[in-house]
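The values are calculated or read from the model by the stated rules, or taken from the named source; none is laboratory data. None of these values were measured; they are calculated from a predicted model. Cβ sites come from the backbone with ideal geometry, for glycine too, and all protein chains shown count toward neighbours. Note: accessible area is taken over every heavy atom of the protein model, side chains too, but ligands, DNA and RNA are not part of it. Shrake-Rupley method; radii C 1.70, N 1.55, O 1.52, S 1.80 Å.
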Amino acid sequence: MENNIRIAYFGTPEFAASQLEAILKAGYEVPVVVTMPDKPAGRGRQIQYSDVKKTALEHGLPLLQPEKLKDPLFLEQLASYQANLFVVVAFRMLPAVVWQMPELGTFNLHASLLPQYRGAAPINFAIINGETETGLTTFFLNEEIDMGAVIMREKVGIRPDETAGELHDELMVLGNKLVVETIKKVEQGTVDPLPQKQLAEGQSLKPAPKISKEFCNIDWSQDRLTIYNHIRGLSPYPAAHTQLISEMGERIEMKVFSSEMEACHPDMPVGSVVTDNKKFLKIAIKDGFIHLTQVQQAGKKAMPISDFLRGTRLDGLWKTVTK
């Protein structure tokens, strides 16, 4: 492909690596890739490369991994590659001295229909809040986080039982197409950016902040749909958490990856654990039961509830911790 676009690509996780592959497959020149510094991870504390770095190395692309984005040496190196368009996917907030550098601007891919769900966890919160659709947005960066003028948007339906992980993978594939289409618009000079203030008229905007460890705790005092959406909206990462407590004070901490709802009016306190110690474990809530179907204890693999019960017998009365 003959074009005059030279792209500096900024990204870190798998989601962003997929977009980099799509840009290269479309024939665009990527003279430099910017990703996070290498960090130790896992029990062995071995140095791990980001998914974007792995992709860049596979294609022999020059890499920059700055600790500080305002570092004069990094800025000098970045400018030396003479990229005229910056593309950002799942990366840190860029300072103005970086995003103002290229002559054609800097655009970002965000996993929501902006201006809805600005923030770090748009996929999770769309499901947690029970949305039936979400999507992707490309927009030009400005001084405020996720508030630049919109270039393109693409809608996606959310299934009633869809998890954050499943939606992530669906949006990742769709993002490949949207990023390339956005680059083509920039290349052809057909971009007509739409201010988010205009798109926000008449809407009640919902945020998507970074998810805390405390937020992951399941609040069993809520209704069944809220709890069900909370679990699938955090699955598989960072995962909903709960704690089972026996009448003798024994505690079992677990992540909950999937569940099912049962509508009824339990004749027992909220948080009571009901199980046959073989095939099912359910928690009593105010408008029914939540059946835990896939869980994980610390130090063990995720498993179906039947496997958990095979290795952990819950004799006597058990309950959950409620907020």
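Name the residues in the stretch 15-48 that are loosely packed, with under 13 Cβ neighbours inside 10 Å, of a type in the set (Gly, Ala, Ser) and under 21 Å from the mean Cα position of the chain (by Cα), would you?
Hits for the stretch 15-48 are ALA41, GLY42.
Residues LYS210, LYS185: which one is in a loop (DSSP other than H, G, I, E, B) and not aromatic (Phe, Trp, Tyr)?
One residue alone meets the criteria, LYS210.
Looking only at residues in the stretch 203-218 that are among the aliphatic types (A, V, I, L, M) and closer than 18 Å to THR134 by Cβ, which one is surrounded by the most Cβ atoms within 10 Å (Cβ to Cβ)?
Taking the candidates together, the pick is ALA208.
Every residue in the stretch 174-202 that is under 18 Å from ALA111 (Cβ atoms) and open to solvent by 70 Å² or more (accessible area, probe 1.4 Å), please.
Correct list: LYS177 only.
Given the structure, is VAL179 part of a loop (DSSP other than H, G, I, E, B), of a type in the set (Val, Ile, Thr), in contact with a strand residue (DSSP E or B) (Cβ under 6 Å, 6 or more places away or on another chain) and within 30 Å of VAL150 (Cβ to Cβ)?
When the stated conditions are applied, VAL179 does not pass them.
For the stretch 1-14, how many residues meet the condition of being open to solvent by less than 50 Å² (accessible area, probe 1.4 Å) and more than 19 Å from the chain's Cα centre (by Cα)?
5
Of the residues ASP192, ASP223, ASP219, ASP169, which single one is within 23 Å of PHE125 (Cβ to Cβ) and without any contact (Cβ under 8 Å) to a residue 24 or more places away in the chain?
On inspection, the qualifying residue turns out to be ASP169.
Within the stretch 313-320, is even one residue open to solvent by 60 Å² or more (accessible area, probe 1.4 Å), in contact with a Gly (Cβ under 6 Å, 6 or more places away or on another chain) and of a type in the set (Lys, Arg)?
Yes, that holds for at least one residue.
For MET93, only one of the following conditions fails: (1) at pLDDT 95 or above; (2) under 26 Å from ASP146 (Cα atoms). What is its number?
Here MET93 clears every test but (1).
Could you grab me the full set of residues in the stretch 243-275 that are acidic (Asp, Glu) and either in contact (Cβ under 8 Å) with a residue 24 or more places away in the chain or touching a Cys at 6+ places or on another chain (Cβ under 9 Å) (or both)? Steps first, please.
Here is the first cut: in the stretch 243-275, the ones acidic (Asp, Glu) are 247, 250, 253, 260, 262, 267.
Correct list: GLU247, GLU253, GLU260, GLU262.
Residue by residue through the stretch 230-249, note down the ones that are at pLDDT 95 or above and not in a strand (DSSP E or B).
If the condition is that a residue be at pLDDT 95 or above and not in a strand (DSSP E or B), then HIS230, ILE231, ARG232, GLY233, LEU234, SER235, PRO236, TYR237, PRO238, ALA239 are the ones that fit.
Taking the stretch 37-57 on its own, how many of its residues are at pLDDT 95 or above and out of contact with any Asp or Glu (no Cβ under 9 Å at 6 or more places or on another chain)?
3
Of the conditions (1) surrounded by fewer than 23 Cβ atoms within 10 Å (Cβ to Cβ); (2) in contact (Cβ under 8 Å) with a residue 12 or more places away in the chain; (3) outside any loop (DSSP other than H, G, I, E, B); (4) out of contact with any helix residue (DSSP H, G or I) (no Cβ under 8 Å at 6 or more places or on another chain), LYS54 satisfies every one except a single condition; which number is it?
(4)
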